[in-house]
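The values are calculated or read from the model by the stated rules, or taken from the named source; none is laboratory data. Note that the structure is a prediction, hence the values are computed from the model and not measured. Cβ coordinates were reconstructed from backbone atoms using ideal geometry, including for glycine residues, and neighbour counts include every protein chain displayed. In case anyone asks, the SASA skips ligands and DNA or RNA and just uses the protein heavy atoms, side chains included. Shrake-Rupley method; radii C 1.70, N 1.55, O 1.52, S 1.80 Å.
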Amino acid sequence: MKKLILSVLVFTLVFAVGCAGDQTTWDKVQDEGKLTIGMSADYKPFEYTDENGEIVGFDADIAQAIGEKLGVEVEFVDTAFSGLIPGLKSNKYDLIMSAMTITEKREKAVDFTNQYFNAGQVVAVMDDNNSIQGVKDLEGKKVGVQLGTTGDLEVSDMDNIEQIKRYEKIPQAFIDLRNGRIDAIVNDLPVTAAYIMKHPEVKMVGEPFTSEHYGIATRPGDEELLKKVNGALKELKEDGTYDEVYNKWFKQ
Ligand code: ARG
């Protein structure tokens, strides 16, 4: 008898755990009524912390609008950019939305939605710098990038850079540029352009030298969630919400 009870217990337990394991991220999001999103909130105008300590920006608004379409709340989890994919893998949040470029390498680790924004890498220097006119002049120079970004990858591939300084957060790189600790920054154009609007002592030189597309990342296998988010993105583009949010952050 005892044996029977025990085996029934074990069976029930295995069954229960099995069922819980079958719950998809989309099921969980619906159960909890909440979508959690990892982002590195250092990237104005995409995601940054405002005076009230709130995470705001283009990505934040689009994420909220996606939440509305899906009928769930949205919560942001601020995480250093280089830790975003590991954090997604260990279930710290359901998605990554962080001005993240769709790259082949990242696609091996995560799935991306359809692209939602175009950008490229650009070189920034102090306004009085005449020796760096573009990406070719970075030889022998100290260059700042954000750790783990496409800017980091691009500069890491260049020959004869004197030193690459990798920053956790991009505003630290701009502080160092102004203090003369680095000669140039390689970073996404929209973010560098937004910085220069407020700090005209910094300028961009040369043309953007990469062509990149941002996507929202899910864990591989979260197909339902990916489909839902793609559907929401499509609706936002069709009903004018995307353009409204774009104009709010990029047309001042
Ligand atoms: N687009 C670049 C990349 O994917 C930089 C993104 C940085 N994002 C951020 N929120 N700091 O690598």
Strands (runs of 3 or more DSSP E) wholly in segment 101-215 with at least 3 residues that are open to solvent by less than 30 Å² (accessible area, probe 1.4 Å) and either within 23 Å of K44 (Cβ to Cβ) or not basic (K, R) (or both) - which ones? 121-126, 142-146, 184-188
Looking at segment 216-252 only, could you name the residues that are surrounded by 15 or more Cβ atoms within 10 Å (Cβ to Cβ) and part of a loop (DSSP other than H, G, I, E, B)? I216, R219, D222
Test: V56 is touching a residue at least 24 places away in the same chain (Cβ under 8 Å), open to solvent by 20 Å² or more (accessible area, probe 1.4 Å) and among the β-branched types (V, I, T): no
State all residues of segment 39-55 that are out of contact with any helix residue (DSSP H, G or I) (no Cβ under 9 Å at 6 or more places or on another chain) and away from the ligand (no atom under 12 Å from the Cβ); if no residue qualifies, say none. D50, E51, N52, G53
I'm checking my understanding of the structure. Among residues of segment 72-100 that are small (G, A, S) and open to solvent by 50 Å² or more (accessible area, probe 1.4 Å), which one is farthest from G57 (Cα to Cα)? S90
With segment 1-72 as the region, which helices (runs of 4 or more DSSP H) entirely inside it contain at least 2 residues that are modelled with pLDDT of 95 or more? 25-32, 58-70
